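Colleague: Take a look at the following structure, please.
The values are calculated or read from the model by the stated rules, or taken from the named source; none is laboratory data. Not measured: the values here are computed from a predicted model. Cβ: placed from backbone, ideal geometry, glycine included. Neighbour counts: every protein chain shown.
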Amino acid sequence: MNSSSRLSSSQKAIVWVVLLLMFVVGIWYLLGRTPPAQEPMMRRGWGGQTTSVRVVPVEKGGLDVQLRSIGTVTPLNTVIVRSRVAGVLNSIKFTEGAEVAKGDLLAEIDPAPYRAQLDQAQGQLQQNQAQLANAEVDLDLYQGLYAEDSIARQKLDSQAALVRELKGANKSQQAQVDDARLQLSWTRIEAPISGRLGLRRVDAGNLIAANDTDGIVTITQTQPIAVLFTVSEVEVPALLKAFNSGEVLRVEALNRNEQSVIATGKLLTLDNQIDTTTGTLRVKAEFENQDNALFPNQFVNVRLRLNSIDDVLTVPADAVQHGSQGSYVYVVEDSKAFIRQVTTGIIDGDRVAVTDGLQTGDRVVLEGLDRLRDGREVIVEGDASVAEKRFPPEGLPKPDGMPTREGAKGSDGKPIGPRPNRDGTPVPPPKPHN
C-alpha cells in the first residue's frame, strides 16, 4: 500500500513538470513570434538593414577665431567708507543698495567738538596777528631812531628778530586753523567715488573711531565694470598679435550654459607675466554695464573674438566624431553612409571649420550616428526616397509582410497608410516609375 502510494506521487510529479515545461514553451513561442507585417520597417527596409539619419550639407562661409574662458566680474573700484574723525554718528544719509555719485553726503559726525577747536585756533591766530602788528610798528620807529643815531644797533636788531618770530608764530597758528577747519569738514562723510552702496555696517547714534576697520558702508563701481579671466599660454601669441594690432577686441559675457549673451564689452589690458603655477595669463575686459546685468563676483563664461576667417568649409561640431585614426564624419552617398577622415580647424559656437576631407555640398550625418557603420544603408529623414524605401512601387517584388499603399489592412481591418516621418510630417507620395 505504501509502495503504490509512493509510485503514484512520483508519477504525479512527473506529469506536473511536463505540463509546466509545455506551458513555458508555449508562452515563449507566442511572445517570440512576431507577424512579418508588424516588424519595424526601419529594420527590414527595402534591400536589407537600414538606419534612419538626419543629414546636413557642408557649407562655405566665415568663422570667428575666438578664445573661451571662465571669468569673474570685478568692480573697477571698491571703497570702504570710513570716518576720518572720531565722534558720535549723528545721522545716516544714504539708502542701502542705492546708486550714489561722487561727493554725495552719506553720514554726519557730531561737529560740535571740532567747531570749538576751530574757534580756539582762530582766536589764538588773532592774538598773534595783533602782536605782530604792534611789533612791526615798533620796528619802524626803531629804524627812524637808528637813522638819527638815537638808539643802538642792537636795539634795532632785537626788534627785527621779534617781528620775524611773530610772523613764524602766525604761520604756525594759521596751519592749526586750517587743520581744525579740515577736521570739522570731515564730520560730513561724502562718497569718494560713484557706484552702488552695500549694506550699512553701523547705525546712527554709535560712537565710532577714526579709520575704523569695518567702516560705515562699501561702495563698488559697477558702471563700467570689469571681468577678469585667464588665457592659456599656448593661446597667448595669437592674443598678443590681435591685441597689438590696435583694433578693439570684442568680449562677450555669457550665462552658465552659454546659451545667451549677458553683456558685450572690449578687451582692456593684459597682465605683464604668465603665472608659472597655472600656465595662464590674466586678462581684463571692460563692460559699460548700463543695465547692471553684471554683478560683482559673478562667474560668467567669456568669449573673446580675435579675428575672422572667410571662405572656409564648415559643418556642425556635433557631426564630427573622434577615433583612434583621428577626426571623421559620416558622408551619405547613394543611400549609404561612408566614413570620411577630416582635418578640423577653428571652432565658432556650434560649427567647426574643416580644412581637408570634405567638399561643398557633401551631406554629413548629424543625427543617428550611434547606429551607423561604414557602408550601411540609410534612410535620410525628409528625403522623398524614404517613402519608396518603406513602400516599394507597385509592380516590384515586396518583402514578405510589407504592406502596400493600396488595399493593405491592419489587424483591426482598417487600411494601413504610410508611416509618418520622425518629425511628424507625412511621407510624400513616390514619383511615378516609367
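Colleague: Looking at the range 282-295, is at least one residue of a type in the set (Phe, Trp, Tyr), assigned to a strand (DSSP E or B) and farther than 30 Å from GLY357 by Cα?
Modeller: Yes: one or more hits.
Colleague: Restricting the range 143-166 to residues that are surrounded by 15 or more Cβ atoms within 10 Å (Cβ to Cβ) and of a type outside the set (A, V, I, L, M, F, W, C), which is nearest to the chain's Cα centre (by Cα)?
Modeller: Ranking the qualifying residues of the range 143-166, first place goes to GLN159.
Colleague: What pairs come up if the first residue lies in the range 225-249 and is modelled with pLDDT of 90 or more, the second is in a helix (DSSP H, G or I), and their beta carbons are under 8 Å apart, counting only those six or more places apart or on different chains?
Modeller: Between residues of the range 225-249 that are modelled with pLDDT of 90 or more and residues that are in a helix (DSSP H, G or I), the close pairs are VAL231/LEU239; LEU249/ALA242; LEU249/PHE243.
Colleague: Which of the residues that make up the range 289-325 are touching a Pro at 6+ places or on another chain (Cβ under 7 Å) and within 26 Å of SER232 (Cα to Cα)? Steps first, answer last, please.
Modeller: Taking the range 289-325 and keeping what is touching a Pro at 6+ places or on another chain (Cβ under 7 Å), we get 289, 296.
Once the filter is applied, which keeps residues that are touching a Pro at 6+ places or on another chain (Cβ under 7 Å) and within 26 Å of SER232 (Cα to Cα), the range 289-325 yields only PRO296.
Colleague: So, one more: Somewhere in the range 111-130, is a residue in a strand (DSSP E or B) and in contact with a Leu (Cβ under 9 Å, 6 or more places away or on another chain)? Can you show your working first?
Modeller: Step one: of the range 111-130, the residues in a strand (DSSP E or B) are none.
No, every residue in the range 111-130 fails to be in a strand (DSSP E or B) and in contact with a Leu (Cβ under 9 Å, 6 or more places away or on another chain).
Colleague: Now, a different point. Only one of these conditions is not met by LEU228: (1) part of a loop (DSSP other than H, G, I, E, B); (2) in the same structural domain as ALA293 (by TED's automatic domain parsing); (3) touching a strand residue (DSSP E or B) at 6+ places or on another chain (Cβ under 6 Å). Which number is it?
Modeller: Failed condition: (1).
Colleague: Just name the residue that is farthest from the chain's Cα centre (by Cα) out of those in the range 62-92 that are within 19 Å of TYR114 (Cβ to Cβ), not small (Gly, Ala, Ser) and not in a strand (DSSP E or B).
Modeller: Restricting to residues being within 19 Å of TYR114 (Cβ to Cβ), not small (Gly, Ala, Ser) and not in a strand (DSSP E or B), the top hit is VAL85.
Colleague: When SER172 is evaluated against the numbered criteria (1) touching a Lys or Arg at 6+ places or on another chain (Cβ under 7 Å); (2) part of a helix (DSSP H, G or I), which criterion, by number, is the only one it fails?
Modeller: Result: SER172 passes all but (1).
Colleague: Against the conditions (1) over 54 Å from the mean Cα position of the chain (by Cα); (2) modelled with pLDDT of 70 or more; (3) among the charged types (D, E, K, R), where does ARG33 fall short? Just the number, please.
Modeller: Only one criterion in (1) over 54 Å from the mean Cα position of the chain (by Cα); (2) modelled with pLDDT of 70 or more; (3) among the charged types (D, E, K, R) is unmet by ARG33, namely (2).
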